[in-house]
1. Show the residue pairs meeting these rules: Cβ distance below 7 Å; 6+ apart or different chains; first residue within region 14-28 and hydroxyl-bearing (Ser, Thr, Tyr); second residue modelled with pLDDT under 75.
2. Do you know which of the residues in region 37-77 that are over 19 Å from the mean Cα position of the chain (by Cα) and β-branched (Val, Ile, Thr) is modelled with the highest pLDDT?
3. Taking region 23-37 as the region of interest, how many residues are exposed (fewer than 11 other Cβ atoms within 10 Å of the Cβ), aliphatic (A, V, I, L, M) and part of a strand (DSSP E or B)?
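The values are calculated or read from the model by the stated rules, or taken from the named source; none is laboratory data. This structure is a prediction, so every number in the text was calculated from the model and none was measured. No Cβ is skipped: glycine too gets one built from the backbone with ideal geometry, and neighbour counts run over all protein chains shown.
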Amino acid sequence: MVLAAVLDPIARAVMSMYWDSQDATGLPLAATMSFETESGRGRFHWEAVQVIGARVPKSAWGVPADYRRAPLPAEIP
């Protein structure tokens, strides 16, 4: 809901995908998202490569040992 109020094209695309998923039963196994900004346009796609019936281990949600936080100014050209 927070993202719905943001004037961010990627957030709008994510929210659109979220609202579309409300009408479907189960989980989507693939999605493609397109967005457009004043400086250009983009597109990304993801898809499930394996579906298993096991629990996700707690270690999957942890921060990787070699993770290093990048300062935001370094990410902005």
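1. What qualifies is SER21/PRO28.
2. Among them, the one singled out is ILE52.
3. 1
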